[in-house]
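Undergrad: Please find one structure pasted underneath; my questions will follow.
The values are calculated or read from the model by the stated rules, or taken from the named source; none is laboratory data. Here the structure is a predicted model, which means the values were calculated and not measured. Here the Cβ positions follow ideal geometry from the backbone for every residue, glycine too, while neighbour counts run over all protein chains shown. Areas reflect the complete protein model, heavy atoms only, side chains present, ligands, DNA and RNA absent. Shrake-Rupley method; radii C 1.70, N 1.55, O 1.52, S 1.80 Å.
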Amino acid sequence: MIRIYTDDFLPKYVNGNWGWDAEKNCFQFSSRTADTREAGNEILPTCGFKYLASINQVEELIFRQEFQRPPTTYDADVILLQDIRSLVTFLAPPEIITQNFCEFVNTKIVHRFLKALIIYFDYFLKLVEIVIIRRDEISGDKAQIQSIESNELKQVYSANLSQYRLLLAREYSDIVLGFGEVKKFHHLAPMINISWSIKDRAFHEAFLSFSTQVVWIALHRRDFHLIDMEMNRLFRSEHFSLPTHDRFNFTKAEARMLYGKNYRRCNYRSQCSPLIQELNNVEKHNLPILWIGKRKYLGNDVRILEIEMRFIINAAQMSLANISLGILGHPKYLYNTMLKLDWEAVRHHHFSETYDPYQIVKQPCLNIPSRTQEELRKLSKTYQSRYELETTMEYWTPAMVRKWSKVHSIVEYFKTEGILTDVWIRCTREVEDTSYIGVEEIMKTFNEQKDKLRKKKH
């Protein structure tokens, strides 16, 4: 019997475009594969590192055959944070991907940090869009007058963004202090407590660029310059030479709304990053945010419950809770290998404004909160928590970590040796294969997969 797995070998991501050929009077597809092989792939500079913005079909086949998350893992049919992490690792430059770095991003603390980062930037990009639209409304010949209600609403939006920033600061502080799994990556040498300044600086820059790429891909590759600008501001300060863009030159009022009331710029000797500033002044009704994801919240603060739901729900179940967070939780069949949306596949599923479970057709929007939200939250009650929460994720195996640390040498080996198999070669091997797989081996494989994917009764 011939078993053909065409999905592993047919490219889903095609580097090229369709155009009209006037001479032949028809549409022609012009592929950039040959050009990228000769001149190199498209590059996207991120924090001083050169990430690939495109891959050719050979590299795509290598990624899908050797490095893509296998179908035997949990929720293999939807996009999880692990899929985005794997893609960014494949696109990263060789000087970043070391075994030490691969072990670092393969921890639960980094997983929670990236999840909080995506939640923050999902809200931040929407709020910046509102700021830019409002900027056009209050300027020009037909300028509108700002009302008291609109100013109060801006304060609520700013408070909501500060709460997401506080959650992100909590996760970032765990990494900086070296808690749990990331203790062995701490910048202080054991026993002597001397900082590895040069090594830590290079590691921090690499991780900052890696996080920027993860957020950008997770949020449908929107506003890369804005994400890069805000990432640098969050984890450095304005004392550094930060990247700027003319479109995002915020006024003092707009910056106060986006950066929150805790942001202070002082002398560079005593300046700390904006994330740490959020931890230095936490309001009483926001204290439960520091326990989100670690303890189950018990209380009647609806805002805390909303943040907790976005943070602790697994990406595969987000659509069931009507939560949209970029491409997380979306079916893989709607995306190509580079995790770009395939609009042809979307049209085949007939999504509309009334039937849009993954919020692909709908434009990104923010629910209008109550103008008295923050005042009502101060009256809410919080009770002592009874349950502790534990983040669930599938780690890379030690063998996979070693494989990822040598990803570039593996790709070059596959290219030079030409050992990639296509559909025709695989079919030929299946026909020539005379080995017999017994029923016992088939049942053993089935039972192993069943035990992993099904809950056991105790």
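Undergrad: When you count, for each residue, the other Cβ atoms within 10 Å and take the mean per peptide, how do 229-237, 260-268, 344-352 rank with the highest first?
TA: The most tightly packed comes first, giving 229-237, 260-268, 344-352.
Undergrad: How many lysine pairs are close in the range 273-363, with Cα atoms under 23 Å apart and the two 8 or more places apart or on different chains?
TA: Within the range 273-363, the lysine pair count is 5.
Undergrad: To continue, here is another question. In nanometres, what is the gap between the two model label sites at Lys261 and Lys108, each 7 Å from Cα along Cα-to-Cβ?
TA: Placing both labels 7 Å beyond Cα along the Cβ direction yields 3.6 nm.
Undergrad: Amide H to amide H, which residues 5 or more places from Thr46 or on other chains are under 5 Å from it, using H placed in the peptide plane?
TA: Correct list: Tyr51.
Undergrad: Can you give the translational diffusion coefficient of the range 99-393 in µm²/s, computed by Stokes-Einstein from the Kirkwood radius over Cα pairs at 10 °C and 1.306 mPa s?
TA: Once the numbers are plugged in, D ends up at 76 µm²/s.
Undergrad: So how much slack lies between Thr354 and Ala399, counting 0.36 nm per residue of separation and subtracting their Cα-Cα distance, in nm?
TA: Stretched fully, the Thr354-Ala399 segment lengthens by 11.6 nm.
Undergrad: On the protein heavy atoms, probe 1.4 angstrom, tell me the percent of accessible surface of the chain carried by carbon and sulfur.
TA: Of the solvent-accessible surface of the chain, carbon and sulfur hold 55 percent.
Undergrad: Check Arg295: other-chain or 5+ apart residues with amide H under 5 Å from its amide H, H built from backbone geometry?
TA: Result for Arg295 returns Leu389.
Undergrad: OK, next. Based on the Cβ-Cβ distance of Asn280 and Ala253, what FRET efficiency does E = 1/(1 + (r/R0)^6) give at R0 = 35 Å, to the nearest 0.05?
TA: 0.90
Undergrad: Would you kindly derive the ³J(HN,Hα) couplings of the range 206-222 from the backbone phi angles with the Karplus curve 6.51 cos²θ - 1.76 cosθ + 1.60 (θ = phi - 60°), listing them in order in whole Hz, with x for Gly and Pro?
TA: 5, 5, 5, 5, 4, 5, 4, 5, 4, 5, 4, 5, 5, 9, 6, 6, 9
Undergrad: Give, rounded to the nearest 20 debye, the magnitude of the charge dipole that the chain has about its Cα centre when Lys and Arg contribute +1 at Cβ and Asp and Glu contribute -1 at Cβ.
TA: With Lys and Arg at +1 and Asp and Glu at -1, about 1840 debye.
Undergrad: Add +1 for every Lys or Arg and -1 for every Asp or Glu among the other residues with Cβ under 9 Å from the Cβ of Arg69, and state the total.
TA: -2
Undergrad: For the range 99-393, what is the relative contact order in percent, using Cα pairs closer than 8 Å and at least 6 residues apart in sequence?
TA: The normalised contact order for the range 99-393 reaches 24 percent.
Undergrad: Near Lys184, which lysines are there with a Cα under 17 Å away, not counting those fewer than 8 places off in the same chain?
TA: Reachable lysines: Lys108, Lys199.
Undergrad: Which aspartates and glutamates have a Cα lying under 16 Å from the Cα of Lys183, excluding residues fewer than 8 positions away in the same chain?
TA: Filter leaves Glu103, Glu171, Asp174, Asp200.
Undergrad: On to the next question. In sequence order, what are the phi-derived ³J(HN,Hα) couplings for the range 158-172 according to the Karplus relation 6.51 cos²θ - 1.76 cosθ + 1.60 with θ = phi - 60°, rounded to whole Hz, with x for glycine and proline?
TA: 5, 5, 5, 5, 5, 5, 5, 5, 5, 5, 5, 5, 4, 5, 5
Undergrad: Using R₀ = 51 Å, calculate the FRET efficiency as 1/(1 + (r/R₀)^6) where r is the Cβ-Cβ separation of Ile145 and Thr382; round to 0.05.
TA: 0.80
Undergrad: Quick one: Karplus J couplings for the range 117-128, per residue in order, coefficients 6.51, -1.76, 1.60, θ = phi - 60°, nearest Hz, x for Gly and Pro?
TA: 5, 5, 4, 5, 6, 4, 6, 5, 5, 5, 5, 5
Undergrad: Taking amide hydrogens as modeled 1.01 Å from N in the peptide plane, which residues meet the under 5 Å criterion relative to Val78, leaving out close sequence neighbours?
TA: Sorted by chain and number, the residues that satisfy this are Lys332.
Undergrad: Rounded if a/c is under 1.5, else prolate if a/b beats b/c, else oblate: with a ≥ b ≥ c from the C-alpha gyration tensor eigenvalues square-rooted, which is the range 92-165?
TA: Verdict is oblate for the range 92-165.
Undergrad: Turning to a different aspect of this structure: Tell me the per residue accessible area of the chain using a 1.4 Å probe; a whole number in Å² is fine.
TA: That works out to 58 Å² for each residue.
Undergrad: Based on the alpha-carbon gyration tensor of the range 257-321 and its eigenvalue square roots a ≥ b ≥ c, which shape applies: rounded if a/c is under 1.5, prolate if not and a/b is larger than b/c, or oblate?
TA: Since a/c reaches 1.5 and a/b is larger than b/c, the shape of the range 257-321 is classed as prolate.
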